[in-house]
Amino acid sequence: MHKLIAGIIMLVFASVIGIPGFCTEASAKNFRVTACSEVDPQDADVFQNCLQGGGFTLDARYNDGQINLSSFNPDKELDYIYNASHGSEYYICFSGGSSGMTGSEFTGNKVKNLVTASCDTVSNQWSGHPGFSAVLKSVLGYHLVCYNDCALHAAQSFGQAIVSLDPSTDTAKIVEAWKKANTSFDAHAAQAWAACTASGYTSGGGKESGAWYSTSSFTPSKGSRTVKISDKVSYTFPVERTASSLPVLSAEPEANLDLKASPVRQKNLDSGAIRAEFKDCTLPCDLNASQAIETASAFIKENGGLPEDAVALMAIPVVQIDLSGKKEVINYFVSFARCWMGLEISGRTGDSINLLIGKNGVISYSRLWRNISDNRNRFSDKLLPADEALAKAADAISHSIRNGSVCITTAKLGYHSPSYQIGGQVDLVPCYHFYDTRGMCFNVDAVSGELLK
């Protein structure tokens, strides 16, 4: 009897002071998933696997018609809810988009961290949400279009990073993990991510921040006729006959770069790509976009050289917004694209040079710039006209933005560069770069009409 009483006292004492090996139900890490099949929610599966593998308990998973308001307002505390669905500003759609909830219908009094992989959802409207006065610590997601491959990458990177973090006290680290999960993917994700906490709202900036540099105009000309080619996709660009074929371009990895700067972390891939991190910087940045590009150019010249065919594509401010609505630029994402004989070579994870610039200089540097050779004796198969290529890719384009609608305003013929992960000699694919009204680019194979990743 004495041993039983002593054991009960010890168990209670251990649960109170947190002795390792003793765990109560209240202290167990848990999460919930909501996933709509029409957005192909592989990211939800990946996030679930990451957290379960890291010791979290899946409280529940709701799919399609099972999702309702109570799915987001549980009757017990949850560390995370991960949602994969359609969305719009301050609004999360349920299955099919026929119903959903506004941010105000999400109480936040039982959920510590809400992660929603849905288009346009996390805006500055989340600032001052009453949930931040209760249990809610963060709302993470996107203030621009959320692409499927972007969400998939972010879910894995973010999921792996947060399993070792405290959902209640490591809010700043959780937000930083979400930011890095997206900025490490591509230029669009670096703009699109957003986060809101009790301290304020932060995002990757995006086109509306007024510092988008590009060789393309994303605004339809006055009086442009809109042509609808599917329920989700239309275009306004003038249809012009293009070249019947293009030379086949081959590319090989460039030699290992000699970095004069000393990175904190560095990774070299078989493709010849290099990724290096130098310092972290969340101080207010007193540079403007042009100065950020100048800083980036000077750094590239000293660390691998600035290629002659490099074009400064964009300088995107990463903006932090406090609760009063004051905006403050904390760093810039600067990206360089490349051209060959006037034709842009691009790829969501292909040849490019990307830097994150802060108050004290370069924070991170990634580069893939293959050596290109022109095979004049080899030509591609016959190219499709731009409107025909777009028609073939229409369903895939809509699917890639979670079955959303797009209007293409610009079509440019160029080449597509394969992924960072592919090593050895590769051929560049002739493609159309289709830009929509938001400035998003969809790369479509000019021969087959396939949407390229």
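How many angstrom separate the Cα center of the stretch 384-450 from the Cα center of the stretch 144-195?
Comparing the Cα centres of the stretch 384-450 and the stretch 144-195, I get a distance of 25 Å.
Taking 7 Å along the Cα-to-C-beta vector as the label spot, tell me the Asp395-Asn63 distance in nanometres, rounded to one decimal.
About 2.1 nm separates the two model spin labels.
Can you tell me how much longer the chain between Gln291 and Asp270 gets when fully stretched, taken as 0.36 nm per residue apart minus their C-alpha distance, in nm with one decimal?
Length gained between Gln291 and Asp270: 4.3 nm.
In nm, give the distance between the simple-model label positions of Ser250 and Asp427, each being 7 Å from the Cα along the Cα-to-Cβ direction.
Roughly 1.1 nm, to one decimal.
If you count only protein heavy atoms with a 1.4 Å probe, what accessible area per residue comes out for the stretch 289-339, rounded to a whole Å²?
Per-residue value: 42 Å².
Residue by residue through the stretch 186-201, what is 3J(HN,Hα) from phi via Karplus (6.51 cos²θ - 1.76 cosθ + 1.60, θ = phi - 60°)? Round to whole Hz and write x for glycine and proline.
Each residue's phi maps through the Karplus curve to give 7, 5, 5, 4, 5, 8, 7, 5, 8, 8, 9, 9, 5, 7, x, 10 Hz.
Binned at 5 Å from 0, what are the whole-percent values of the Cα-Cα distance distribution for the stretch 304-420, short to long?
So the P(r) values, bin by bin, are 2, 8, 13, 16, 15, 16, 13, 8, 4, 2, 1, 0, 0.
Assigning unit charges at the beta carbon (Lys, Arg +1; Asp, Glu -1) and nothing else, what dipole magnitude in debye, to the nearest 20, does the stretch 36-188 show about its Cα centre?
Dipole of the stretch 36-188, to the nearest 20 debye: 400 debye.
Determine the sum of side-chain charges near Ala134: Lys and Arg each +1, Asp and Glu each -1, restricted to other residues whose C-beta is under 12 angstrom from that of Ala134.
Overall, the nearby charge balance is +2.
Determine, from the Cβ-Cβ distance of Thr169 and Ser37 and an R0 of 35 Å, the FRET efficiency 1/(1 + (r/R0)^6), rounded to the nearest 0.05.
According to the calculation, E is roughly 0.50.
What accessible area per residue, rounded to a whole number of Å², is obtained for the stretch 355-410 using a probe radius of 1.4 Å?
41
Do the alpha carbons of any pairs in Lys110/Lys327; Lys29/Lys110; Lys137/Lys267; Lys279/Lys453 sit beyond 21 Å of each other, and which pairs?
Too far apart for the 21 Å limit: Lys110/Lys327; Lys137/Lys267; Lys279/Lys453.
When 1/r is averaged over all different Cα pairs and the result inverted, which Kirkwood radius in Å belongs to the stretch 247-311?
It works out to 14.2 Å.
In whole percent, and with a 1.4 Å probe on the protein chains, what portion of the accessible area of the stretch 327-444 is carbon and sulfur?
Carbon plus sulfur share of accessible area: 49 percent.
I'd like the Karplus ³J(HN,Hα) series for the stretch 154-165: coefficients 6.51, -1.76, 1.60, θ = phi - 60°, whole numbers in Hz, and an x wherever there's a Gly or Pro.
Once θ is set to phi - 60°, the couplings for the stretch 154-165 become 5, 4, 6, 5, 5, x, 5, 6, 8, 4, 9, 9 Hz.
Principal axis extents for the stretch 410-453, Cα atoms only, whole Å, descending order, please.
36, 20, 15 Å, listed from the longest principal axis down.
Send over a whole-number figure in Å² for the accessible area per residue of the stretch 63-209, probe 1.4 Å.
On a per-residue basis, the stretch 63-209 sits at 32 Å².
Let me know the shape class of the stretch 37-107, please: from the alpha-carbon gyration tensor, a ≥ b ≥ c as square roots of the eigenvalues, rounded when a/c is under 1.5, otherwise prolate if a/b is greater than b/c, or oblate.
oblate
Once every Cα of the stretch 40-181 carries one equal point scatterer and solvent is ignored, give the base-10 log of I(q)/I(0) from the Debye formula at q = 0.14 Å⁻¹, two decimals.
-0.59
Apply 1/(1 + (r/R0)^6) to the Cβ-Cβ distance of Ser262 and Ser88, taking R0 = 45 Å, and write down the FRET efficiency to the nearest 0.05.
The pair Ser262/Ser88 has a calculated efficiency of 0.50.
Taking amide H positions as placed in the peptide plane 1.01 Å from N, state which residues far from Trp340 in sequence (5 or more) or on other chains have amide H under 5 Å from it.
Counting only residues 5 or more places away or on other chains, the set is Ile345.
Take every Cα pair under 8 Å in the stretch 384-453 that's 6+ residues apart, average their separations, divide by the length, and report that relative contact order as a whole percent.
For the stretch 384-453, the relative contact order is 38 percent.
On the protein heavy atoms, probe 1.4 angstrom, tell me the percent of accessible surface of the stretch 22-119 carried by carbon and sulfur.
45
The values are calculated or read from the model by the stated rules, or taken from the named source; none is laboratory data. A quick note: this is a predicted structure, and the numbers were derived from the prediction, not measured. Neighbour counts are summed over all protein chains in view; Cβ atoms, including those assigned to glycine, are modelled from backbone coordinates with ideal geometry. Calculation scope for accessible area: heavy atoms of the full protein, side chains included, ligands and nucleic acids excluded. Shrake-Rupley method; radii C 1.70, N 1.55, O 1.52, S 1.80 Å.
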